[in-house]
C-alpha cells in the first residue's frame, strides 16, 4: 500500500531534485565547455597552418592580408558581434557583476560565443598575434549562461564555473582553472559554489582528455636553477617582466578609455582605419622578426623549451609590439598565449647574462613574470606555468618571480588589465542607451 507523501517529504523531495538539477547543469556545462575548447584549439592550429602555407607562397603578402583582415574583423565585430572584441575575459567578469538579465546576455551568449570563435580563428588566419585561451573563457561563460537561463540567481556561479572550465580545458591545466576562477574571476573563495565549480572543471578536463589525450601544453621539462648565481635571474626576470607587463596593460587600458583624449577620440571615430593601421604594424613586426611572431607563439616557445635553446634576440620585443597592436585594434583574440611567448622571449634575452644557467629555466621565469605583470594574478601565473611545463622543480623560483613581477607591475599600472577593462563593460551596460558609445577595443 502506497502512503501519500507528507508536506515535509514533498519539500525535501523538491529540494533534493533542485540540488541534483543544479549539479547536472554544472557537469553538463563543463562537458560542453571542454568540447568547445578542444574544437577551438584544433581549428586554431588549422588556421595557423593555413597562414603558414600562405607565407610559404610569399612572405610579403602579409602587408595586404593582415591589415585588411584586421579591418574586416573589426567591422564584423562591430556590426554583427558587439562585445566579442578583445580577449573576452573582461566581458565574463563584467557579466558576473551585472544583475540585469539583458545586460548579461549582451556580454555572454551563444551568439557572442559563435562570433568569438569565428573571428578569433579569422584573426589567426590573418596573422594576428592573438590567443585562443581568453576566448575560451568567454565561450565557456556563454555556454554556462545559456544553460542557467532558467535560474538567473545561479548565473554568477555558472559564469564563474564556465570561465574556470574554459581555462582548464584550453591549457589542460585543471588546477590553474580553479585558481583562475578564484583569484581572477571572483577575487574571492565562494564556499557555496566551490564544489560545483570544481565539478565543472573536472567535467571539462575529462572531456579534453578524452578528445586530445593527456599532455603538457609546453611539453615536459626537468630544468632547474642551480644554487648560487643562477637565482639572481629570479629578481631580474621579476622586475623586467613586471615592468613590461605593466606597460602593456597600461597601454591597452588607456586605449580602451581613450575617449577623454584627442587621439583616443580620433581612434574611436575611425575604428576600421585604426584596425587597418594596427594590422599593418603587426605585418611589419612579422617581417622584421623573420615570420616568427604571428599567431599564438606556442610552437616557437615549445620548440625552444624542448631543445633547450634560446629564442631569437628580437623575438620578445617584437612579439610584445605585435600583441599590443592586436590587443588595441578591436579584433577578437586573447592575450594568454602571446603573453607567455613574450615572457619566454624576454627570459631568453636575460639568459644571455647567465651563461651557466639553463636557458629554459630562465625562459620559464620570464614567462611567469611577464604574465603576472599583465594580469596581476601571481598565483594563477605560477600555477599555470608549472602545470603547462610539468616542472615542479621550478615552483619556488616561479612563485618568487611572480610576486616580484606583480609588485613591480602595480607601480606602472594600479589595476589588473581584465578588471580594469571589465569596468568599462559594466559602465556601458548600465548606461542609458542614448549615451552608450561604441565598445572599447579590448
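Read-outs throughout are calculated quantities, based only on the coordinates presented, and are distinct from any laboratory measurement. For clarity, every value in this text was computed on a predicted model and none was experimentally measured. We place every Cβ from the backbone using ideal geometry, glycine too, and count neighbours over all the protein chains shown.
The three principal axes of the C-alpha atoms in the range 22-212 carry coordinate ranges of 56, 35, 25 Å, sorted with the longest axis first.
Stretched out fully, how many nm does the piece from residue 229 to residue 50 gain, at 0.36 nm a residue minus the Cα gap?
So the chain would gain 60.0 nm between residue 229 and residue 50.
With r as the distance between the Cβ atoms of residue 415 and residue 306 and R0 = 41 Å, compute the FRET efficiency 1/(1 + (r/R0)^6) and round to 0.05. E between residue 306 and residue 415, to the nearest 0.05, is 0.70.
Extension gain, residue 206 to residue 407, is 68.8 nm, computed as 0.36 nm per intervening residue step minus the present C-alpha separation.
The residues 70, 353, when put in order of fewest to most other Cβ atoms within 10 Å, stand as 353, 70. Size descriptor for the chain, Kirkwood hydrodynamic radius: 21.8 Å (Cα pairs only, one decimal).
The label point for residue 427 and the one for residue 288, both projected 7 Å from the Cα toward the Cβ, are 3.2 nm apart. Pairs of Cα atoms nearer than 8 Å and 6+ residues apart set the relative contact order; for the chain it is 23 percent. In the range 229-425, the alpha-carbon atoms span a convex hull of 110 Å³ per residue.
Counting neighbouring beta carbons within 10 Å and listing from fewest to most, the residues 77, 99 come out as 99, 77. Placing a label point 7 Å from the Cα of residue 313 along the Cα-to-Cβ direction, no residue of the range 221-257 has its backbone N under 18 Å from that point. Summed over qualifying helices (DSSP H, 4 residues or more, each -39500 (n - 2.57)) and divided by its residue number, the chain shows a 222 nm mean residue ellipticity of -23500 deg cm²/dmol.
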